[in-house]
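See structure below.
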Amino acid sequence: MAIPIRVKVNGQVEALEVAPDESLLSMLRERLDLTGAKEGCNEGECGACVVLLDGKAVNACLVLAAEADGHEVTTIEGLGRPGALHPLQKAFLAHQAVQCGFCTPGMIMTALSLLLENPAPTEEEVRTAISGNLCRCTGYRQILDAVQAAAQEMRAGAQGRRP
Amino acid sequence: MSQGRWVGRDVLRVDGLEKVTGAARYLADVKLPRMLYAQVVRSPHPHARVREVDVSRALSVAGVRAVATGRDFPFHVGIYLKDQTVFATDRVRFVGDPVAAVAAESPEAAREAAALVRVEYEPLPALFDVRQGILPDAPLVHPDLGKYQVVPWITPQAGTNICNHLKVRKGDYHAALKTAAHVVENTFVVPQVQHVPMEVHGSAARMDLSGKLEVLTSAQSPFTVRHLLCACFGLSHGDVRVMVPQVGGGFGGKAGINLEPIVTALAMRVPGRWVRLVLTRAEEFYAAVVRQGLVATLTTGVDRSGKVVAQRMHYLWDCGAYGGYGVNVVRAAGYTCGGAYEFPNVWGDSIGVYTNRPVGSAYRGFGMQEIHWALEQQMDMVAHEIGEDPIAFRLKNCLGPGKRTVTGQLLDEHSGRVDQCIQRVAQAFSEPLATRPGRLRGRGLACAVKAPAMPNDAASSVLLKFCEDGVLEVLVSGIDYGQGLRTVAAQFAAEALNLPIEQVRVRNLPDTDLSPYDWQTVASRQTWATGNAILRAAEKCKAQLFETASQVLGAPVERLALRDGQVVDTGGAGRVPITRLVMGYQFPDGHVIGGPVAAAAHHVPEGLLFLDPQTSQSAKPVAKWTFGAQGVEISVDPDTGHIQVDRVVACYDVGQVVNQGLILGQTYGGVVQGLGTGLMEELKLDLLTGKAQNANLVDYKIPTALDVPAALEASFVETPQKDGPMGARGIGEHTMIPTPAALANALYAACGIRIQEMPLTAEKVRAALREKRAKG
Ligand code: FES
Ligand code: FES
């Protein structure tokens, strides 16, 4: 029994027929070939699958594709492009916050959701915000530094744009 | 620190862009046409005879294309000891042991069919403790142990559960012990733990209609996978192609061979179709390989001056159900049994024991964190016993130039300096530790040493070739699963040929059909081995460029130099851009000299010698040692027993820092992984059923961002490694070796309790504090 949905993914409207038990993660990865969001556990325990749903970080493995009907999804693929990277992407590179990279898309999307809500988080707030995103490689230190650096750049950018 | 133009600097990761944009493709991201989904049928028993496997109902499920069992594929597999079959044949040896596998058009059909495979088991007594496993009346996990194929330097003992035993005998331990003023004996325990890479294991295979096999796998060792697959299935290397996409972490768990035989067996059943198997997170915990457990008993005899005169080390390794790879951890722990110290008289035994637990294998550190948990606590305990400062005691007994290891190897001035690492950490701790209300605070230190554990002929090779526009392509076949090999490879190539780093492209998604040979990405050997090979290949490229340029410029080769993409005559006769040389140089009259510039080179460790089979004495058993030390500061909550790690100070003698940002990443990552095993990680089995009790990320906790110490400090000593590329030696694994022991020592310093069984959970600390209070 397929459910017709319309969902805006990275700015583009997609009309899809999804299964009732299909997760948003599976929809993004299998139907739309947006494989940036990863499956690390499929149980909401690792954060590798985090995407933004109407600007808020969600574990895409726990959201049903059908629930995204009429909403807006942003994945890592919708963030920046070479030459026009998002400040978070730039900061992750500059601070060597990426190792194997498997946690990176989820980590960046969680951080983005935090910075949209709280443009000047303390380190404690960053730690708490990304505590559901497991990374086995980096020890998190350079990730924490990268998020702070990106926050600063985003604040500067926001100020710069003001008339 | 010595710095080149590129080596020694903070060069940004060359594969970073694809990872921050979501472009990087890992195994499960690769779309395979008409792919079938595999599901493994696993044993629910820790130990049982397999009476019968009936697949008839499974085959009748709609969408099922193949079922494979041990009857169809009774082939043995294993890197050092071939003690495992693709699927269990006559018996299962742990909960999770593969009995059969199904390939179907959908994951649902595969799951349904797998559930319908009917297996008749006859349960056997199960063995979960190595101390019981070595008793004469213990049930045998491998009654056929004497029949398995094994490399000559591993010594399984038929008729027992011992899959390897390495003996180290140096000096006269028993006589020396009698002369000791103090003797201290202790036992330490390390449980099995999981690697928990964020990307679980996955493999896919397809056999085409001509019989050629393609394998796509999340692995650390494409060439070793190919070699072992060929041995297992009787295939020619020419007909097997192994490819590795991006790998989302491995930590040793993806070394050797893992799921590849299972997907290969299925693929052979459905020629023309891709078959993919990706483990669930739960399977990753108990069905993928784990780190071996250890029971270590140490006896230390010290003379009146505080020198250790006699040291006995008895290591019992819990290899789990199969020891194919783990037997070499046993070996490495044997020839490194004394850690970072010089012990003149040694009695060492490193014994691998089968149990009915999950399969032990390589894990970052390859046995070293486990033995250091014992050795480095023991050093503190002995120091306290004789009333000496633990740091001074270490400095008095540690290895260094002119000292001999437990195998009798003489270290020289190029071997690295653990004493300097200890002193750096001690310096960082020179201020008294500030008190904190309601907390017990303490500092602890532990040292670390590790050598690469690999066959003496473990090789890496590389291929360098230029594109028409002067871009240099560097083909390397080590796996960059985050440690930064690609970046380091680019740095060495750019350094040697004096090119802008942007002009170097590292081609590194290894494909055994197209890529140069590399043994395995393990043992912290890539920077060193691949680095050396790149420097050699670069010299060959340079010679080709110079030969052509010398004719173009009319200058002798000795006068030529490479500068920013030009060959320059230092004698002033001019310059020629390499873009004019890399495909051969064409003179104005049309004639061409030279040709496409390319070179291959390899690295094989120099002069390694086997260990003496009775005593393990050897002048050069390993290629190199990396030494280090870590100090930690902790705060203990006396009510909850919770340990908060406030500060970690790490120092390693890495020979030469190659990349500042990457080496910090390796250090922070290793330290935090070490905090995980030290404080919270343990794969727990129900000892009645043999089932893992915490096979998920909620019950098996790994460190999160909240666990990162407020202060993480890293520094490096650089005593150049003689045979290292520009002096560098390995560091990837070493950073997690000393962390748990340093924590245990800090715990003792903070509150006078000593916990000898890893991990240091709040529960254990609370209980120990209660006991201490009760004793008054
Ligand atoms: S895959 Fe969604 S939280 Fe792990
Ligand atoms: S970079 Fe590997 S899991 Fe985070």
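Taken together, the values in this text are just the output of simple stated rules run on the coordinates, not laboratory data. These numbers come from a predicted model, not from an experiment. Here Cβ is always computed from backbone atoms with ideal geometry, including for glycine, and neighbour counts include all displayed protein chains.
Using Stokes-Einstein with the Kirkwood hydrodynamic radius over Cα pairs, what translational diffusion coefficient do you get for region B:94-249 at 20 °C and a viscosity of 1.002 mPa s, in µm²/s rounded to a whole number? Could the numbers behind the result be given before it?
Values: Rh = 21.2 Å.
My calculation gives 101 µm²/s for D.
Just tell me how shielded A:35-48 is by partners: mean number of partner chain Cβ atoms within 10 Å of each residue's Cβ, no decimals. Let's see the in-between values first.
Working: counts 9, 8, 1, 8, 8, 9, 9, 4, 6, 2, 6, 5, 3, 3.
Shielding by partners across A:35-48 averages 6.
Using amide H atoms built 1.01 Å from N in the peptide plane, name the residues 5+ places from B:S715, or on other chains, whose amide H lies under 5 Å from its own.
The answer is B:A650, B:C651, B:Y652.
Just report the Cα centroid separation between region B:281-317 and region B:329-353, whole Å.
Here the answer is 9 Å between Cα centres.
Filter B:K167/B:K772; A:K56/B:K19; B:K147/B:K722; A:K90/B:K701; B:K212/B:K254; B:K212/B:K620 down to the pairs with a C-alpha to C-alpha distance above 32 Å, please.
On the way: B:K167/B:K772 38 Å; A:K56/B:K19 22 Å; B:K147/B:K722 42 Å; A:K90/B:K701 30 Å; B:K212/B:K254 24 Å; B:K212/B:K620 42 Å.
Over 32 Å Cα-Cα: B:K167/B:K772; B:K147/B:K722; B:K212/B:K620.
Read phi for every residue in region B:286-293 and hand back ³J(HN,Hα) as whole Hz from Karplus 6.51 cos²θ - 1.76 cosθ + 1.60, θ = phi - 60°, with x for Gly and Pro.
So the Karplus estimates, Gly and Pro as x, are 10, 9, 7, 5, 10, 7, 5, x Hz.
For region A:87-160, just run the numbers: alpha carbon Rg, then divide by 2.2 N^0.38 Å, N being how many residues it has. Write out the running numbers ahead of the final one.
Details: Rg = 11.2 Å, N = 74, 2.2 N^0.38 = 11.3 Å.
That works out to 0.99 for region A:87-160.
Under 5 Å between amide H atoms, partner at least 5 residues away or on a different chain: which partners does A:G80 have, H built in plane at 1.01 Å?
A:H86
Nothing charged except the Cβ atoms of Lys and Arg (+1) and of Asp and Glu (-1): what's the magnitude of the dipole of chain B about its Cα centre? Round to the nearest 20 debye.
On the way: 78 positive and 76 negative charges, 101 e Å.
The dipole of chain B has a size of about 480 debye.
About its Cα centre, how strong a charge dipole does region B:602-654 have in debye, to the nearest 20, once Lys and Arg get +1 and Asp and Glu get -1 at the Cβ?
Details: 3 positive and 7 negative charges, 72 e Å.
Dipole size: approximately 340 debye.
Once you sort the root eigenvalues of the Cα gyration tensor of region B:636-739 as a ≥ b ≥ c, which label holds: rounded (a/c under 1.5), prolate (a/b larger than b/c) or oblate (the other case)? Walk me through the numbers before you get to the answer.
Working: a/c = 3.11, a/b = 1.82, b/c = 1.71.
Since a/c reaches 1.5 and a/b is larger than b/c, the shape of region B:636-739 is classed as prolate.
Which ³J(HN,Hα) values, rounded to whole Hz and listed in residue order, are derived for region B:490-496 from phi using the Karplus coefficients 6.51, -1.76 and 1.60 in 6.51 cos²θ - 1.76 cosθ + 1.60 with θ = phi - 60°, glycine and proline given as x?
So the J values, rounded to whole Hz, are 5, 4, 5, 5, 5, 5, 5.
How about region B:261-365: which trypsin sites (Lys or Arg not before Pro) there lie in a loop by DSSP and see at most 12 other Cβ atoms within 10 Å? Could you put the intermediate results ahead of the total?
Working: sites: B:R269, B:R273, B:R276, B:R281, B:R291, B:R304, B:K307, B:R312, B:R331, B:R364; in loops: B:R273, B:R304, B:K307, B:R364.
Answer in residue order: B:R304.
Would you compute, for the Cα atoms of region A:3-78, the largest minus smallest coordinate along each principal axis and list the three values in descending order, in whole Å?
29, 25, 20
Considering only C-alpha atoms, what is the centroid distance from region A:64-115 to region B:239-269, in Å?
Measuring centre to centre over Cα atoms gives 29 Å.
With r defined as the distance between the Cβ atoms of B:L17 and B:R304 and R0 fixed at 41 Å, what FRET efficiency is calculated, to the nearest 0.05? Spell out each step's value before the answer.
On the way: r = 62 Å, r/R0 = 1.52.
It comes to 0.10.
Output needed: percent of Cα pairs per 10 Å distance bin for chain B, bins running from 0 to the one holding the longest distance.
For chain B, the pair-distance distribution reads 3, 14, 23, 24, 19, 11, 5, 1, 0, 0.
To the nearest Å, what is the center-to-center distance of region B:1-61 and region B:481-536, using C-alpha atoms only?
22
Have a look at region B:139-182 and give its Rg and Dmax from the Cα atoms, expressed in angstrom.
Values for region B:139-182 (Cα only, Rg and Dmax): 16.5, 47 Å.
Would you work out if the protein assembly as shown is rounded, prolate or oblate? Take a ≥ b ≥ c from the square roots of the eigenvalues of the alpha-carbon gyration tensor; rounded if a/c is under 1.5, else prolate when a/b is larger than b/c, oblate otherwise. Write down the numbers at each step before the final one.
Numbers: a/c = 1.26, a/b = 1.08, b/c = 1.16.
Judged from the Cα gyration tensor, the protein assembly as shown comes out rounded (a/c under 1.5).
Starting at the first residue of region B:254-261, write each ³J(HN,Hα) from the Karplus equation 6.51 cos²θ - 1.76 cosθ + 1.60 with θ = phi - 60°, in whole Hz, x for Gly and Pro.
Computed from phi, the couplings for region B:254-261 are 10, 7, x, 10, 10, 7, 4, x Hz.
Which one of B:G470, B:S515, B:A426 has its Cα pushed farthest toward the positive end of the charge dipole of region B:414-524, where Lys and Arg give +1 and Asp and Glu give -1 at the Cβ?
B:A426
Which order do the peptides B:130-136, B:259-265 come out in when sorted by mean C-beta neighbours inside 10 angstrom, highest first? Show your work: numbers first, answer last.
Numbers: B:130-136: 15.6, B:259-265: 26.7.
In decreasing order of mean packing, B:130-136, B:259-265 become B:259-265, B:130-136.
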